[in-house]
Amino acid sequence: MLILIAAVALGGILGLCRRPAGARTARPTMHHIWLLGVGAICDALALLLTSNLATLALAASLTAFIAAAVANQHLTGVVIVGLGLLLNLTALVLNNGVPVRQSGLEQAGKTPGGQPADLDGAHHLESPSDRFGILGAIVPVRPTHDVFSFGDLIVILGSLEATRELSRRRRRRWSPTERDTYRDRIAMIRRVQDWGMAPNPFPLSGSQYSAKPDATAPLVIDLTNDRDTSDRLHLVAAHHSR
């Protein structure tokens, strides 16, 4: 439990340290949160009950949590949590309880070597008759004196990711004044500049504005010396006026 709380706290810190998302980015939300409450109540009952009733209560708790994960599959971290819970539920159903490895308890410092462990009703010591014992509680964590299953570790990792995603900040939306100021600044940038020399609106040659100047260039005619045009004074005068 302490490791799970630490993972959730670390995920919240990492989410707050992330670069804020856009102001209009949709904020991820949790759906059907009441399923989490049902799962927590059943989990508490599993600690108080014994034998098969404790196993049924723990199975109901895991089922409620998995249903909450399915309802919130839009969150990557919640999907990871659901996968870990499914592994724990599989071990619970196959073995009528969660098998706990004795060597793991000893390495975690929970029980001295050779002494029986004090386990609640939904957990029992691993025996040769247990199926898929690797899904049981076999990973010792000495700092907390606990033994975790691989499903528990996946749940912790998914909880960290889900909290990191949910705690990400959003940028503050602009006020109407800030929005008008930005529009005025953009309008000033888009205005036509009134400095500098404007380009000559008249072509400097007959082919300057042609797409194919080599093919469309007009022939150069000397109006003053050409035999066909030298007697047309208005053309000569127009040539000299340019």
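None of the figures in this text is laboratory data; all of them are computed from the coordinates on show. A quick note: this is a predicted structure, and the numbers were derived from the prediction, not measured. No Cβ is skipped: glycine too gets one built from the backbone with ideal geometry, and neighbour counts run over all protein chains shown.
Worth a mention:
- Distant-in-sequence amide H partners of ASP146 (H built 1.01 Å from N, under 5 Å): VAL141
- Estimated at 0.36 nm per residue, the fully extended path between ARG142 and MET30 surpasses their Cα-Cα distance by 36.9 nm.
- Under Karplus coefficients 6.51, -1.76 and 1.60, residue-wise ³J(HN,Hα) of the range 93-109 in Hz, glycine/proline x: 5, 5, 10, 6, x, 9, x, 10, 7, 4, 5, x, 4, 5, 5, 7, x
- Per-residue packing, averaged as other Cβ atoms within 10 Å, sorts the ranges 62-74, 174-186 into the order 62-74, 174-186, beginning with the highest.
- What the Cβ-Cβ distance of LEU119 and THR76 gives, at R0 = 30 Å and to the nearest 0.05, is a FRET efficiency of 0.35.
- Pairwise FRET efficiency - ALA40 versus GLN107, Cβ, R0 = 30 Å, nearest 0.05: 0.55
- Per-residue HN-Hα couplings for the range 134-147 [Karplus 6.51, -1.76, 1.60; θ = phi - 60°; Hz; x = Gly/Pro]: 5, 7, x, 7, 10, 9, x, 10, 5, x, 9, 6, 10, 10
- Estimated translational diffusion coefficient (Stokes-Einstein, Kirkwood radius over Cα pairs, 4 °C, 1.567 mPa s) of the range 85-144: 110 µm² per second.
- The range 1-134: equivalent-ellipsoid semi-axes (sqrt of 5 x gyration tensor eigenvalues, Cα, Å): 33, 19, 13
- Built amide H within the under 5 Å cut-off of LEU125, gap 5+: VAL100
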